[in-house]
Amino acid sequence: MKVLVIGGDGFCGWPTALHLSDQGHDVIIVDNLSRRKIDVELGVDSLTPIAPIETRLAVWKEVSGKTIGFEYLDVALEYQRFLDLLLSERPDAIVHFGEQRAAPYSMRTPAAKRFTVDNNVSGTHNVLCAIVESGQDIPLVHLGTMGVYGYGWSGSAPIPEGYLTVKVPTPDGDIDREILHPANPGSVYHMTKTLDQLLFAFYAKNDALRITDLHQGIVWGTQTPQTERDERLINRFDYDGDYGTVLNRFLMQAAIGHPLTVHGTGGQTRAFIHVRDTVRCIEIALSNPPKRGEQVSVFNQVTETYRVRELAELISKITGVEIANLPNPRKEAAENDLNVTRDRFVALGLNPTTLSEGLLSEVRDIANRFKDRADTTKIIARSVWNKGMETSPDLVK
Ligand code: NAD
Ligand code: USQ
């Protein structure tokens, strides 16, 4: 199958592009390299030394004999070029990772809020509009987030895969209706994913587009069997206060002896998935698109849930690094339960990778190997959700 991977230079997109290429698919990456440019803007860099995209692709050709194409293109700003690409390449499917994905970055400044909305919502809409204008039947797989459901809205009731059956009171008695699960975003970034959901519902209904929306949890880990094949294929590892996600951050902090940066009590429960499972889930989703005229197919792409403090305690126990309870820079529930339905991927053959000491130490080894590249002044999260919220002092001088 010929697959366009939008955002294929990023943390999830790069290993996915390699995995799909390894499976024999013809892959073309579409990326505007905005993630690399944001690193420059923030004065940070991936902990792992990621090679330029041209080098990555040349090395993949060297080690696998396979060619991955690359189109330097902004899907939010270059509609006509994207449409022309669909018309010339005629892909069998599109995977869409190409959005600004950090919640803290999206709350950082008015400019970052506006960029996140413009980039994510326009980009997604351009992709949908171009598929329709191309006149081709191209299934779309989009990376959404568990955060569209919000945390704690329905107490301990299991979060369904996208849709909720509700009772609508009418004068003739209650009727059952299936609705998109109510959206309850916790950041401007998460809000863009809830807006994406409405775009998908409309285009599935109006143009019979075949759309799969993957509500993914927090991705952890770094390497996949393909990125391990050569040092120059290494995946990115974000550890800074805006882009680093909690489990990888804790593992990196443990590697350099930095106190583990738990926000508040650490009672926040979140869903997690290892990057190796991310790439398998994308492959499964590509093989199982909805039929034309069906509603958007939603999967919860998560394998397990943990409280932030449970992760900190586990890593502290293994490594001896202390835990710091810092003022929470985010506006979020201090404690929440999270019970996620995640049957669809398992039914389609996913064998979930669960957190183990072996996998944790693999990430810690990578962090150890590259710890000299760490800028400890970039670790503390400084993007606050509201004016007047506290940030924490640097813990390592
Ligand atoms: P990332 O920032 O590492 O990668 C995103 C890629 O998209 C980057 O290479 C960036 O340059 C590109 N991009 C952004 N805007 C673009 C545009 N307008 N045109 C072309 N390319 C563009 O992010 P990631 O961690 O790989 O996440 C990928 C997707 O998965 C995102 O949509 C994110 O919301 C979702 N997701 C990520 C996680 C996670 O923990 N990393 C969890 C759940 C969902
Ligand atoms: N947290 C800490 N300490 C840290 C970092 C984070 O306590 O050093 C806490 C946060 O306050 C939050 C939780 O850990 O309660 C998760 O934060 P995160 O940065 O790991 O994840 P989040 O902001 O939710 O975003 C990440 C990805 C995003 C994706 C989302 C999936 O960046 O692209 O959509 O995970 S989910 O959380 O399931 O919505």
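The values are calculated or read from the model by the stated rules, or taken from the named source; none is laboratory data. Since the structure is predicted, the reported quantities are computational estimates derived from the model, not experimental observations. With ideal geometry, Cβ positions are generated from the backbone for all residues, glycine too; neighbour counts draw on all protein chains shown. The accessibility values were calculated without ligands, DNA or RNA, using every heavy atom of the protein model including side chains. Shrake-Rupley method; radii C 1.70, N 1.55, O 1.52, S 1.80 Å.
Computed across the chain, the Kirkwood radius stands at 21.6 Å (inverse of mean 1/r, all Cα pairs).
Take the chain with all the other protein chains still there, run a 1.4 Å probe, and you get 40 Å² of accessible area per residue. The alpha-carbon atoms of the range 1-156 define a convex hull whose volume equals 149 cubic angstrom per residue. Cross-link partners for LYS66 among the lysines, with Cα-Cα distance under 30 Å and sequence neighbours closer than 8 places in the same chain left out: LYS2, LYS37. For ASP372 and TYR72, a Förster radius of 30 Å and the Cβ-Cβ distance give a FRET efficiency of 0.45, rounded to the nearest 0.05. Measuring nothing but protein heavy atoms, the accessible surface of the chain at 1.4 Å probe radius is 50 percent carbon and sulfur. Rg and Dmax over the alpha-carbon atoms of the range 149-302 stand at 19.2, 67 Å. If you take the Cα centroid of the range 322-392 and the Cα centroid of the range 10-56, the two points sit 21 Å apart.
Compute the FRET efficiency between THR341 and LEU314 as 1/(1 + (r/R0)^6), taking r as their Cβ-Cβ distance and R0 = 25 Å, and round to the nearest 0.05. Mind dumping the intermediate values first?
On the way: r = 25 Å, r/R0 = 1.00.
Step by step, r from the Cβ atoms, then E = 0.50.
Structure note, pairs LYS193/LYS331; LYS167/LYS331; LYS167/LYS205; LYS61/LYS193; LYS61/LYS113: Cα-Cα distances above 27 angstrom occur for LYS167/LYS331; LYS61/LYS193; LYS61/LYS113.
Once R0 is set to 22 Å, what does the formula 1/(1 + (r/R0)^6) return for the Cβ-Cβ distance between GLN295 and ASN184, expressed as a FRET efficiency to the nearest 0.05? In this case the efficiency is close to 0.60. Label positions at THR165 and VAL40, each projected 7 Å from the Cα along the C-beta direction, are separated by 5.4 nm. Considering only DSSP beta bridges where both residues belong to the range 254-397, give the percentage that are antiparallel (nearest 5). If we restrict to bridges inside the range 254-397, about 45 percent are antiparallel. Between ARG249, ARG364, ARG36, the Gaussian network model of the chain with springs among Cα atoms under 10 angstrom shows the greatest mean-square fluctuation at ARG36. Given the Cα atoms of the range 57-118, and with Rh set as the inverse mean 1/r over their pairs in the Kirkwood sense, what is Rg to Rh to two decimals? So for the range 57-118, dividing Rg by the Kirkwood Rh gives 1.10. For the range 211-299, the mean projected area of the C-alpha convex hull, equal to one quarter of the hull surface, is 8.1 nm². Here's the list of aspartates and glutamates a cross-link from LYS387 could span, going by alpha-carbon distance under 20 Å and ignoring same-chain residues fewer than 8 apart: ASP242, GLU332. Projecting label points 7 angstrom from Cα along Cα→Cβ for GLU390 and SER156 puts them 3.1 nm apart.
Okay, helix-only estimate at 222 nm for the chain: each DSSP H run of n ≥ 4 adds -39500 (n - 2.57), divide by all residues, round to 500 deg cm²/dmol; what do you get?
On the way: 12 runs with 145 residues, N = 397.
Mean residue ellipticity at 222 nm (helix-derived): -11500 deg cm²/dmol.
For LYS371, the lysines whose Cα comes closer than 17 Å to its Cα, not counting residues fewer than 8 places off in the same chain, are LYS397.
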